[in-house]
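Before any comments, here is the structure.
The values are calculated or read from the model by the stated rules, or taken from the named source; none is laboratory data. Just so you know, these numbers come straight off a predicted model, no measurement behind them. Positions of Cβ are generated from backbone atoms using ideal geometry, with glycine treated the same way; all protein chains shown enter the neighbour counts. These area figures cover heavy atoms from the full protein model, side chains too; ligands, DNA and RNA do not enter into them. Shrake-Rupley method; radii C 1.70, N 1.55, O 1.52, S 1.80 Å.
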Amino acid sequence: MTNDGVVVDEAIRAAWDSFRVLDKRTSAEERQQAQRRVKAAMDAHGREEVSRGTVFLVGVLTGYLIAEQSGGEDRLDPLSDLIPAVIRRLPTFEMADPAQVPMVTGVLMAAAMGMDTVAWRDQFGQIPPNEALVHSFVLWLLADLFDSMAERPGAIDRMMRETFDAMAAEHS
């Protein structure tokens, strides 16, 4: 585990790959590739670091959703619209443990307030598997909300994959 909210790049990529595994638009071949990258990142950096990557991406997407709408008439208020909308939809995931809702709400609140979500979450210790799973569901819900608002299914996935491809090119 790194300090000050810094997360290993491969763990962030694996966190997004976890979203891609959940997303029904991901082809079978891409799903298998994503699962391999998740496993490789977990083997190399540990489940905890991939979970921290998911918390990081929740912060990024929340911040992006808020920033994208600045000044717009239909602006989503993070406290009265965005966070409640995400939390209300969590029960649609059968495996979402309701006991994890306070922590994932805290991460969303930290993101809405412009805080470093990873540093905020790190102060509470390691992320247990049940909580990590709920963060993955929150990431999926935020991505779905982004696509709905953009009225372009898969828009956030394309943008994230382009970002990861650019990061990989930078490091090679």
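Name every residue in region 157-172 that is in a helix (DSSP H, G or I) and farther than 12 Å from ASP9 by Cβ, in order of residue number.
ASP157, ARG158, MET159, MET160, ARG161, GLU162, ASP165, ALA169
List the residue pairs whose Cβ atoms are under 7 Å apart, where the first residue sits in region 31-57 and is buried (at least 16 other Cβ atoms within 10 Å of the Cβ), the second is of a type in the set (S, T, N, Q) and in a helix (DSSP H, G or I), and the two are 6 or more positions apart or on different chains.
Sorted first by the residue in region 31-57, then by its partner, the pairs are VAL38/SER18; THR54/SER18; THR54/SER136; VAL55/THR117; PHE56/THR117.
Name every residue in region 1-30 that is within 15 Å of the chain's Cα centre (by Cα) and free of Cβ contacts under 8 Å to residues at least 40 places away in the same chain, in order of residue number.
Scanning region 1-30 gives GLU10, ALA14, ASP17, VAL21.
Within region 117-133, track down each residue that is open to solvent by 60 Å² or more (accessible area, probe 1.4 Å), assigned to a loop (DSSP other than H, G, I, E, B) and either farther than 16 Å from THR54 by Cβ or of a type outside the set (S, T, N, Q) (or both). Outline the logic, then answer.
Residues of region 117-133 open to solvent by 60 Å² or more (accessible area, probe 1.4 Å): 123-124, 126, 129-130.
Going one step further and asking which of them are assigned to a loop (DSSP other than H, G, I, E, B), we end up with 123-124, 126.
GLN123, PHE124, listed by residue number.
What number of residues within region 125-172 satisfy the criterion of being on the phi > 0 side of the Ramachandran plot and at pLDDT 95 or above?
1
Count, please, the residues in region 67-101 that happen to be at pLDDT below 85 and part of a helix (DSSP H, G or I). Quick ask: steps written out before the conclusion?
Filtering region 67-101 down to residues at pLDDT below 85 leaves 67-81.
With part of a helix (DSSP H, G or I) added as a condition, the list becomes 67-68, 78-81.
Going through region 67-101 one residue at a time, the tally reaches 6.
Any idea which of (1) at pLDDT 95 or above; (2) open to solvent by less than 30 Å² (accessible area, probe 1.4 Å) is the one THR26 doesn't satisfy?
With respect to (1) at pLDDT 95 or above; (2) open to solvent by less than 30 Å² (accessible area, probe 1.4 Å), THR26 is out only on (1).
Answer yes or no as to whether LEU65 is closer than 19 Å to PHE19 by Cα and touching a Ser or Thr at 6+ places or on another chain (Cβ under 9 Å).
So LEU65 fails the test.
For region 102-116, what are the residues that are touching a residue at least 12 places away in the same chain (Cβ under 8 Å), in a helix (DSSP H, G or I) and open to solvent by 40 Å² or more (accessible area, probe 1.4 Å)?
Result: MET103, MET109.
Please specify each residue of region 134-172 satisfying the condition of being hydrophobic (A, V, I, L, M, F, W, C), open to solvent by 20 Å² or more (accessible area, probe 1.4 Å) and within 13 Å of TRP16 (Cα to Cα).
Within region 134-172, TRP140, MET159 qualify.
Tell me yes or no: at least one residue of region 149-156 is under 14 Å from the mean Cα position of the chain (by Cα) and in a helix (DSSP H, G or I). Lay out the reasoning, then the answer.
Going through region 149-156, the residues under 14 Å from the mean Cα position of the chain (by Cα) turn out to be 156.
Still in the running and in a helix (DSSP H, G or I): 156.
So far as region 149-156 goes, yes, one or more of its residues are under 14 Å from the mean Cα position of the chain (by Cα) and in a helix (DSSP H, G or I).
Go through region 142-168 and give me each residue that's among the charged types (D, E, K, R) and touching a helix residue (DSSP H, G or I) at 6+ places or on another chain (Cβ under 6 Å).
Of everything in region 142-168, just one residue is among the charged types (D, E, K, R) and touching a helix residue (DSSP H, G or I) at 6+ places or on another chain (Cβ under 6 Å), namely ASP147.
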